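FYI, it's all coordinate maths here, none of it is from the lab. Given the structure is predicted, the values throughout are model-derived calculations rather than measurements. Note: ideal-geometry Cβ built from the backbone for every residue, glycine included; neighbour counts use all protein chains shown.
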Amino acid sequence: MGPNPSRLTMLHRHDCELCDEMLSQLRILGRTLTLPPIEVVDVDSDPTLRRRHGLDVPVLLLDGTVVCRHRLDPEELRRLLR
Amino acid sequence: MPRTHSSERGNAFVLSWLTLVLAVTGAALAEEPGKWVERMNRALTTRNYDGTFSHWHDGGKVEMLRIIHRVQDGAVSERLVSLDGSGREFIRTGSNLACYLPDKHTVLVERRPPKESLLSGFPTINDQTASFYEIREIARTRLNLRHTHVITVSPKDEYRYGYRLWIDGSTAMPLKTQLCDARGHVIEQIVFASLTLSSHIPDAAFKPEVSTEGFRWLRNDAPPPSHSVMTDIVIWSALKLPPGFKMTAHKAQTMPGSAGPVDHVVFTDGLASVSVFVEARPQPTPSHDDLPVDESANVGSSSAFSTVIDGHKVTAVGEVPPATVRFIANSVQAGPHH
């Protein structure tokens, strides 16, 4: 069996404009770059996530490691996916 | 005889009184470590203070921050400033939070629960958590020239992490805090380099240093989020949980790139929490047939465990020992738990 496939997690919050922007940018990036499946998780639903990342929403995680906060960083994501 | 009776009654009274005093004193001494945790949380929320602290997490870089906290006429104001390159500032007044992000030329304004402090990472012991953690005072020492009580909040089983707290004996403020695993390995640490308590902090202390000229302002006027989000229909739950853990949130949502909806279920014991994601598993390719699919991973202090249950991929993630995510993922079942 091969390695566990990567997973992107976007921590978001209800009515968060930057979150909607990051999701749109991910969709656009996904047209030219093969992205892992994306989980969109409400940061306020889990006390630990809220404590760790609640001030930085939206946060994009790749297998639990922070890729970027507030705005999508396509170059960093490309680098980590290589 | 009456005198004797009086004397006996007097002796009995003194004995009873002594017994009562000893019992009360003994109880107070026994409760003392827990009381220090209570005092610490009370100090954090009710005192006026201005401090600089380092925050280390996940074995990564140390971040230096400044926290200013004021309670004036019942209104709480807080300002958290990142002292590193980003220059981020967060200013909370009651339930209004403004996030100044100089590196993004953006200011976010949103509503947050009024009791949600910008300074987090300290354990709160209540009736729910008290049964699963043992609180002890292990030493009295000096830190930053202050007399401190070293309090440990240790889990009684292998399913959660513990805390070590250095609490100032005169102000009850936490001068140092560590989140530790069962072997005492430090996972997260907060250490105050300076801390000043004062009766008055001026309004000017809650103004951002950064100039917001040309910044983009984004407002989110949605009501503060509820910390317990439950959908009407519970599709997935856990048959059995580590002691003290309860399901506190459940959401189903369709993720971009996913074939179907993904369930997100959260379990917590009041201090630690675990997120579980359940999604329909794609049909296995021939090369994957009949192979085990359980996988464990660790990222910093977080543990993750994946398995397949009833054709669904179940992934549990949390800042807990690996045994906890494994236990919970393997206990997930379709349907509500009764």
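Okay, here's what the table says:
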read-out: Amide H contacts under 5 Å for B:Arg88, placed H, 5+ residues apart; value: B:Ser82
read-out: DSSP-defined antiparallel bridges as percent of all bridges, segment A:8-81, nearest 5; value: 60 percent
read-out: Under 5 Å, built H, 5+ apart or other chain: amide partners of B:Arg216; value: B:Thr106, B:Val107
read-out: Inter-chain shielding of A:7-13 (mean C-beta neighbours from other protein chains, 10 Å cut-off); value: 3
read-out: Burial ranking of peptide ranges B:42-50, B:68-76 (average Cβ count within 10 Å, highest at the top); value: B:42-50, B:68-76
read-out: Sparse-neighbourhood loop sites, trypsin sites (Lys or Arg not before Pro) in segment B:133-193 - DSSP loop, at most 15 other Cβ within 10 angstrom; value: B:Lys156, B:Arg183
read-out: Averaged over A:62-69, number of beta-carbon atoms from partner chains that fall within 10 Å; value: 3
read-out: Per DSSP, loop GluC sites (Glu not before Pro) in segment B:109-158 with at most 15 further Cβ within 10 Å; value: B:Glu158
read-out: Peptides ranked, highest mean first, by Cβ atoms within 10 Å: ranges B:80-88, A:12-20, A:56-64; value: A:56-64, A:12-20, B:80-88
read-out: Taking the convex hull of Cα positions in segment A:8-81, its mean projected area over all directions (nm²); value: 4.4 nm²
read-out: Per-residue average of Cβ from other chains inside 10 Å of B:119-125; value: 1
read-out: Hz values of 3J(HN,Hα) by residue in segment B:108-116 - Karplus curve (6.51, -1.76, 1.60), Gly and Pro given as x; value: 9, 10, 8, 9, 10, x, x, 9, 8
